[in-house]
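Worksheet: the structure to be examined is printed underneath.
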Amino acid sequence: MSEPESSPAAAPAKARPTAAAEDYLERIAALIKTKGYARVVDIAAELKISQASVTTMVQRLDADGLVKYEKYRGMVLTDAGEAVAARIAHRHELLTQLLRFFDLPEDVIFRDVEGMEHHISGETLAALERLTRHLEAHPEIVAQLRK
Ligand code: MN
């Protein structure tokens, strides 16, 4: 989960969120989608992290303009946060779809996607998206891969 800290001077204005921040945005978006709201206590339970740690991260996401956090009312995603969360969800779904062609166990797919998704570049994701669309259109190739 930890990433090397880059110096603030070298960081681009719109740096990609860290792996941890991406996990939070992914959870927050999923909670809002299923429950209608996301609270620190729910995120802490899902990520198995202390509420104090969750609060620290949520405040950072708020400072970065991705989340609007009100201490006793929970949080919502800003438009920028929604855009990042949508990108994260798309990436997760695409990688899951690709790995499912190989008929792997769902728990293996989930674990691997949760790791891979944070480290893949936009270029590689675009290439894997083309591969996924190609395999989707050619079930005979998928059958060969599964043998
Ligand atoms: Mn994910």
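The values are calculated or read from the model by the stated rules, or taken from the named source; none is laboratory data. Quick caveat: nothing in here was measured; it's all calculated off a predicted structure. Cβ sites come from the backbone with ideal geometry, for glycine too, and all protein chains shown count toward neighbours. Accessible surface areas use protein heavy atoms only, side chains included; no ligands, DNA or RNA. Shrake-Rupley method; radii C 1.70, N 1.55, O 1.52, S 1.80 Å.
Quick rundown of the values:
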{"quantity": "Tabulated pairs, the range 46-69, first part of a loop (DSSP other than H, G, I, E, B), second small (Gly, Ala, Ser) and surrounded by fewer than 16 Cβ atoms within 10 Å (Cβ to Cβ), C-beta under 7 angstrom, 6+ apart or interchain", "calculated": "GLY65/ALA80; LEU66/ALA80"}
{"quantity": "VAL41 being part of a helix (DSSP H, G or I), exposed (fewer than 12 other Cβ atoms within 10 Å of the Cβ) and away from the ligand (no atom under 16 Å from the Cβ)", "calculated": "yes"}
{"quantity": "Of all residues in the range 78-105 being in contact (Cβ under 8 Å) with a residue 60 or more places away in the chain and not β-branched (Val, Ile, Thr), the one that is nearest to the ligand (Cβ to nearest atom)", "calculated": "HIS92"}
{"quantity": "Per-region count, the range 58-69, residues under 14 Å from ILE32 (Cβ atoms) and open to solvent by less than 100 Å² (accessible area, probe 1.4 Å)", "calculated": "5"}
{"quantity": "Scope the range 106-142; condition within 15 Å of the ligand (Cβ to nearest atom) and either outside any helix (DSSP H, G or I) or open to solvent by less than 30 Å² (accessible area, probe 1.4 Å) (or both); matching residues", "calculated": "ILE109, VAL113, GLU117, HIS118, HIS119, ILE120, LEU125"}
{"quantity": "Test: residue in the range 70-93 that is of a type in the set (Lys, Arg), modelled with pLDDT of 90 or more and closer than 30 Å to LEU135 by Cα", "calculated": "yes"}
